[in-house]
Each structure stands twice: as structure tokens, then as C-alpha cells.
């Protein structure tokens, strides 16, 4: 498989870029943020995502989706990275949709078509501490009556505050298990946490939350495999978003280098800045190759897909971090203002870096995979 | 089965049959590297056989047209071949400036006669080539070369000096930049010519490097006769050929860390440092640096593959080779810094049996040239800034 987009994938990229530039450019994000919007995310835009097919990109056609692959999901994620659009795409269309598609329970009949249509927002609740650590889940699921009783605390739950349903990872006696939980159920407390980038997450507390046995997605104790697949896809898509955000910050900065004058010269004439820009260009190409490589590995069902996703997430995270720092520094004082967009990219990249494991988390996984 | 799967099965079977045991496994010393040439030296009979078999099949240059002795493979087939070679840990059947640099330039600029004459013997590894580019006064500013070629009707007489000529003392022929019009602007008076290193008037002198080895030479031309039929491309437009070839040279240097293969740094470190109780390398700081390197290495490998695919799909900018050259050479330097750190005092042994003649230290020092040869890292960054980013005044 050549490591370039096919013609169809390029068309999807143009469609996603075009749609987002028309309907949800950075001004859309600013409007939500500055109006203190109660949801912090637009349901109308999400429905439009459904109409465009984006929300159902990986959802099988039988459930109302496009039935496309990881590469196509990554293409949309990259576009979202460029426009900084707050969207349930990652939480619903990627993570939750993947869990439901693979889980095969009744829940998928109910929720997949609604996600695909952009009618429902779902949230996957995995993280508990400050750092992503899906192998150390403390939330408990105890058998009670005909179902389970859930206890625990979750954090950094994307769109948790507006979710129509939650997918909660908790430890049963048999092992990690995924449960579909009604956010309005007794014992569920949800606190919206507006993050540094103006996007949303939530802290969720579960106190003796009773769920039926059919709330289990997949098998009891079978949550780990479902999570692994969803997290792998999520990480590769997050790598694409990071690449998009980093690349967009770079483009804006290049334009500034070509127009800003100091000492009677365009600042882009200074070799000190040229070399930094050239280095960053190179890093961004590596980031893009790593992301696409991981997405293709997932679609091909390769054994090393999870490792490839870790490599992509680590690389894209480090590169985007460099890109936004260079963007602010090269803009100088105006880069520090809220009026200029580059600072928004810096904040978004910090959040995307932490999401689903930072570069250190994934470098650790690589070291373990390589046996040192 | 798809055509590609059939090709994979056939390739695997052929390699199983034809790849000698001696060439399987990481290269243990420089002597094992197969360079070919009139005076070829092989570490074992298996190495000789490996070159002959792969050369006969054209698989030393898998994607070159079969009519010129190449393998005639598609890009996808060539990837399959490469992955099958990796699978059995086969050493390269041929290391060749002819394959890496001159061949692509001949395919693009050579006459039909030149292609028919030179390409098949490159594929078979019969003629070893060297590159006459840099001069004492023309390093990063390559276009200011002074070696001059005087027109004598059916031939030129070449006088001048080259430097950093890799393996000139072992090469059979040279591809060389000479000034054929001293009055033209510097880029417009250069021609690209080929000649035999046995021609009277050619002398070479190896240069000892900080590694204690002499992969480079000074090369002197004293009234050397060069036939006009050995001009490649148009007279005085040799710079176009030179640039085309440089792009291939840069891609090659960028890929050096990849091609060299060898054992993963983490494994080398485990051997030298040992593992902690939890099985992790017993040096957390070194472990973190190695993991970061391997992330970059993996991403770079994909970037190289992607550029190759872009070239094939005609989506690549010619200057993209500078990106690979820049990143790959810096990465290779980092890799060897870590290999030295991993090896500790063992890696410092310069002359001892167990260090195989100081190979770790010598290889480490050799990599310092990677970001200088073929255009320095700074020159590559200039090229990226100018041609890929279109920054003002670059």
C-alpha cells in the first residue's frame, strides 16, 4: 500500500477541509467559547457532520455509516485539528463507535445509527488519574441482583457533560468490562471541566450506579481487547489531529515570516528563522508519515498496528509541541495575544498531547515492545 | 492470490534457494560489504555468489528497466522484495555508487548508447564507480569547482584536483564535474563526464579520518584525456545532471542508518548494561533516550517510504531529498552517540580483538561525516527554506 492518500481519500480530505472552513472555522470555536455556550459544542454542527457522513465514517453501512476505514477517520481528524473545531468526533465517532462496532451487543443497534446521523453524543470514560493509564483501572463493577453496581471516578471524559450515553470501563471479577451507562441514572455525577484549550471534558463520579446485565458491551471481562482496539484507533486519529494542528500553526507562521518586517527586512529572510522553519517542515513530514503509517496498519489488520499507533502518537505529539512553540516564538509579542490564533493551537496541542497517552507513555510502550 | 502475493511467494522461494548462508545476518565487519568492481574482494565465496545471483536477476537495481539489466520491478514489487530480504536478514548484494547515484542520472540524462554500455555492468557490480565532485575550494559552494577541461577536438584534457572522493583508490571509473566554460556564470560552465581511473594522469591519495580509516581520497588529474562520447547530458549543463544525482546521493546518505541495519540499540544496551529486575534496561535515562530515538527512527523510515511513493506517483518536489538527507544523517549521528553510550567503556576500545578493531568507535566517528558529505545539514536546510518553503531571500 503506497503511503499516500488514494484519490477517494484525497476527495474526502477536500470535502472535510471545505466543510469545516465553511461551517466551523476557528471563528466558530471562538464564538462558542466567548459566549460561554452551555454545551461548548454545537449539536447543529454535529447533525451536519452526520449528514456529510463524517460522523459515521467508520460505522458499518448496516448501521447507517459509511463503513470506511481508519485512514478516512484520520483524514477527518486531521481537518478538525486544523480548524480547532469542538466536536464529538473523537469521543463518539471514533472511540465509542469503535467499541460498539466491535462489541456486537444490542447497544450497537440502538446507538450506532444515532451516532452516524449526528443525533447522539457518546462518551468513553477510561481515564481516572491525571495521566492516561488504561491498564490501571480502579473503578469497580460488582455483581448485584441481575446486573452490576458501579463505583469509581473518571476524568478527562471527552464530551461527558453532553453525552446521551456513557461507556464506562470498570473492573469486574473477571477483568476490565465496558458498561453502557445512562448519564441520568441515579448515582452518576457529572462535572463539566472546560479545559485549557476551551474544549470540554468531564469528571464523572459513579456511586453505587445500578446497571442491568445487558449494559455490558461485549463480554464480562472482555473489555481490555475492546478498549485496545478503540484506543489504537483513537491514538492514530489523535496523531492525525496533532499533525493537522501543528501543520496549520506552521502555515500561519510561514505566512507571518513572509510578511512581517523588522530591521527593514522580511523576518523570513533571516537564516536563523529559515533553518528553524526548515527543520520544523521536516519534522511535520515525519509526523504525517507516522500517522498515515499507523492508520494503514490498522486498516490492514497488521499485528504491529498498536505499536504503530504509539509511534505515531508519540512522534506527532512531540512535533506538534515544537510547531506551536515555534509558532508563538516566531510571532513574537502578537503570538501571546488571544487575538492571534497561534496561541489557540498551542493550547489545543497540549490537550491532544495528553489525550490517550502522551509521548512518554507511548515511548515506554515502544521500549517494552522492543524488549528493553 | 493477488499478483503481488504470487510475486512474494516466488521471491521467497527463490531467496530460500539462492541466498547463501554466509550473507544472512547483520554485517559483522566492513570486509563483508560487497562493493564489486574489477578488483572485487569478497569476504567469503558466498558473498561472491550472492552478488552474481542477484546481479544476474537485476535485483541489485530492482526498479531499473530490464532492458538495461535491471530487475524491471514495479515499486510495489520492489517493496515486497525488500521486505523478503529483510525477513531473512540478507546483507545487501551490492553497495554501489553506480546503483545509488550514477545510474539514476544516466537513466535521466544519458544517451541510449551510454545506458546500454554502463548500466548493465553497474547492475552486475562489474565496475566500481567513484564521484568527482568536491574540490579544496568547492565544498558547500560546489558550483565553484575549478577542475578544467580543455577542448581538443574529439577529446578534452582535464587538469585539477578533487577531494573527499569516496573510495577513489578502489574505484574503476569516475563520474566527474569539470569546468568546460571558464567564462560562463559558475552554474553554466560545468559539464558531467565519465572516465576510467586507469587513464594516465589520474592519481589518488587516501585521507586518514578521525576514525583512523580512509574512505576518502584526494584525487589529482594531470593532463587526463577524456573522450567526448563520455559527456553525459548537454555540454555546459552538467549542473542539472549534478543536481539530479545529488538528490539520489542525499537520499542514499539519509538512508545510511537504515541500510546499515545492525542490532537494535536497545539490544546492544541490554547486553552491555544489563536488565533490572523488571526486565527493563538498568539505566532509565539511557533507556528513555533510546526509546525516543527509536520513535524518530520509525517515523523516519515511514517518511522515506512515503517520499519514495510520492516520487513514483509524481507528487514529490525534487528538493524533498534534502529533507531525507538532513534528517537521516542527523538521526544516524544520534544513533551512534547512543550506541557509544550503551557500549560504555567496551565501545571505547580502539585496538583489540574483542572490539573487532574498534568498530563501535570508528563507526561512531565515521557518522560525523554524514551531515557534511553530500551537502552539509545547513546547506540542506537552506534548500528546504528556498525551494520547499519559498521563504524570502533564501
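Restricting B:282, B:296, B:223, B:240 to those that are crowded, with 20+ Cβ neighbours inside 10 Å and either more than 21 Å from residue B:343 (Cβ to Cβ) or touching a helix residue (DSSP H, G or I) at 6+ places or on another chain (Cβ under 8 Å) (or both) reduces the list to B:296. Restricting attention to segment B:170-211, the residues that are touching a residue at least 60 places away in the same chain (Cβ under 8 Å) and within 21 Å of the chain's Cα centre (by Cα) total 11. Scan segment A:73-80 and tell me whether some residue there is surrounded by 23 or more Cβ atoms within 10 Å (Cβ to Cβ), part of a loop (DSSP other than H, G, I, E, B) and not assigned by TED's automatic domain parsing to the domain that holds residue A:237. No, the conditions are met nowhere in segment A:73-80.
Counting only residues that are surrounded by fewer than 18 Cβ atoms within 10 Å (Cβ to Cβ) and more than 9 Å from chain B (Cβ to nearest Cβ), which one in segment A:263-292 is farthest from residue A:318 (Cα to Cα)? Here the answer is A:264.
Scanning segment B:43-62 for residues that are surrounded by fewer than 20 Cβ atoms within 10 Å (Cβ to Cβ) and outside any helix (DSSP H, G or I) yields B:43, B:44.
Here is the figure for segment B:299-324: residues that are more than 7 Å from chain A (Cβ to nearest Cβ) and farther than 17 Å from residue B:83 by Cβ total 11.
For segment B:356-394, the candidate set comprises residues that are on the phi > 0 side of the Ramachandran plot and either buried (at least 20 other Cβ atoms within 10 Å of the Cβ) or under 18 Å from the mean Cα position of the chain (by Cα) (or both); within that set, the residue that is farthest from the other protein chains (Cβ to nearest Cβ) is B:374. I'd like the full set of residues that are part of a helix (DSSP H, G or I) and surrounded by 15 or more Cβ atoms within 10 Å (Cβ to Cβ), limited to segment A:1-28. Once the filter is applied, which keeps residues that are part of a helix (DSSP H, G or I) and surrounded by 15 or more Cβ atoms within 10 Å (Cβ to Cβ), segment A:1-28 yields A:9, A:12, A:13, A:15, A:16, A:17, A:19, A:20, A:23, A:26, A:28. Please determine whether any residue of segment A:177-187 is in contact with a strand residue (DSSP E or B) (Cβ under 7 Å, 6 or more places away or on another chain), without any contact (Cβ under 8 Å) to a residue 60 or more places away in the chain and either part of a helix (DSSP H, G or I) or within 30 Å of residue A:276 (Cβ to Cβ) (or both). The answer is no, given that none of the residues of segment A:177-187 is in contact with a strand residue (DSSP E or B) (Cβ under 7 Å, 6 or more places away or on another chain), without any contact (Cβ under 8 Å) to a residue 60 or more places away in the chain and either part of a helix (DSSP H, G or I) or within 30 Å of residue A:276 (Cβ to Cβ) (or both). Across segment A:44-71, the number of residues qualifying as out of contact with any helix residue (DSSP H, G or I) (no Cβ under 6 Å at 6 or more places or on another chain), assigned to a helix (DSSP H, G or I) and within 24 Å of residue A:232 (Cβ to Cβ) comes to 2. Can you say whether residue B:276 is more than 19 Å from residue B:129 (Cα to Cα), surrounded by fewer than 19 Cβ atoms within 10 Å (Cβ to Cβ) and touching a residue at least 40 places away in the same chain (Cβ under 8 Å), as far as the supplied structure shows? No: the conditions fail for residue B:276. Residue A:295 - would you say it is facing chain B (nearest Cβ under 8 Å), crowded, with 24+ Cβ neighbours inside 10 Å and under 16 Å from residue A:243 (Cα atoms)? Criteria not met by residue A:295.
Of all residues in segment A:313-372, those satisfying the criterion of being outside any helix (DSSP H, G or I), within 14 Å of another protein chain (Cβ to nearest Cβ) and more than 16 Å from the chain's Cα centre (by Cα) are A:370, A:371, A:372.
Of all residue pairs spaced 6 or more apart or on separate chains, those with beta-carbon atoms under 9 Å, a first member in segment A:247-262 that is more than 9 Å from chain B (Cβ to nearest Cβ) and a second member that is surrounded by 23 or more Cβ atoms within 10 Å (Cβ to Cβ) and not in a helix (DSSP H, G or I) are A:248/A:84.
The values are calculated or read from the model by the stated rules, or taken from the named source; none is laboratory data. What you are looking at is a predicted structure, and each value in this text was computed from that prediction instead of being measured. Neighbour counts are summed over all protein chains in view; Cβ atoms, including those assigned to glycine, are modelled from backbone coordinates with ideal geometry.
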